[in-house]
1. Taking H placed 1.01 Å from N in the peptide plane, check which residues at least 5 places from HIS4 or on another chain put their amide H under 5 Å from its amide H.
2. Quick query: amide H of MET265 versus all other amide H atoms, modeled in the peptide plane; which residues come in under 5 Å with a sequence gap of 5 or more or a different chain?
3. Which part of the stretch 246-270 falls in the paramagnetic zone of LEU199, meaning amide N under 20 Å from the point 7 Å along Cα-to-beta-carbon?
4. Loop-only trypsin sites (Lys or Arg not before Pro) in the stretch 106-214, please: DSSP not H, G, I, E or B, and at most 15 other Cβ atoms within 10 Å.
5. Residue separation times 0.36 nm, minus the C-alpha to C-alpha distance between ASP118 and LYS179: what's the value?
6. Take the Cα of SER188, step 7 Å along the line toward its Cβ, and report every residue of the stretch 229-260 whose backbone nitrogen sits under 15 Å from that point.
7. Please compute the modelled spin-label separation between LEU165 and ALA253, points set 7 Å along Cα→Cβ, answer in nm with one decimal.
Amino acid sequence: MNVHPQFAETLALYAMGTLDDPQDLAELQAHLGTCGECRRELEALRADTALLALSATGPQPPARSRQRLLSAVAAEPRMGRRAQKPFVVGRLRSRWLSFAPIAVMLMLAVFSLLLWRDLRNTRFQLRQARAQVEQVQAELVKKDTELAEAKMVRDLLHAPDAWPLTLVSKKTPPQPQIKTVYSKQQGSLLLMASNLTPLPENKIYQLWLLPADGSAPMPAGWFKPDGKGNGMMFHKMSAGVIAKGFAVTIEPAGGSQTPTMPIVMEPAAG
């Protein structure tokens, strides 16, 4: 018993129905009324006592032996007759000696019951410990596998012949894109376009520089892509112009001084 060990022996005797001491019986019953842990222990002890009783059941003696035992008991003299016989020194036995074998058997039964309980609890704890060890081993194997995979990924990324390649859907058409390289000190701008929509003969794409001071957009050259939507343009502007961005519109052939809405290409967000 883990919570109230002072009741271990009396609880085992009570479970077997052999607790005769009135004071111990009263104290134990009062304690059981307030302690749920001891009540559960009592139910478990009663169940174990029933199992122990079933396991100790032996074969029934033959009827002939039983009859012979009853005849021998009937032939014994009664108490009244024994009182009339003279007192013989050396044949008197103390009363407690008659109950000694019963007490010994009772103590052995209590000891066996408690030992059985401890053995069962120990086996349960061993099973729990074994399950915990197996779980820890499984986690260690999983971590070792993850570390090995991470090492292989690292080795692949740092391999001298590593070849990065991006795959795209064949059904999705390539998106129009314009890249610009601008130097305010040199006043030079390079534009590279790809996958643009083809335009009629009288239309062109025109690039506009958006000044950082918030003034009106400045023409920065125009271009017309080839049949695949690709194009390139180099434009020279006044040095020192500070741009906060660029935009593209569709204009008449020859270009315009002010943009014609809407804007068809602008810087990506972020």
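1. none
2. Under 5 Å from the amide H of MET265: VAL248.
3. In the stretch 246-270, the label zone of LEU199 (backbone N under 20 Å from the point 7 Å along Cα→Cβ) covers 246-268.
4. The qualifying sites are LYS170, LYS171, LYS184.
5. 13.9 nm
6. Backbone N within reach: 233-240.
7. Distance between the two pseudo-spin positions: 4.3 nm.
Values in this text are rule-based calculations from the coordinates and carry no lab data. Since we're looking at a predicted model, the values are computed, not measured. Virtual Cβ from ideal backbone geometry, glycine too; neighbours counted across all protein chains shown.
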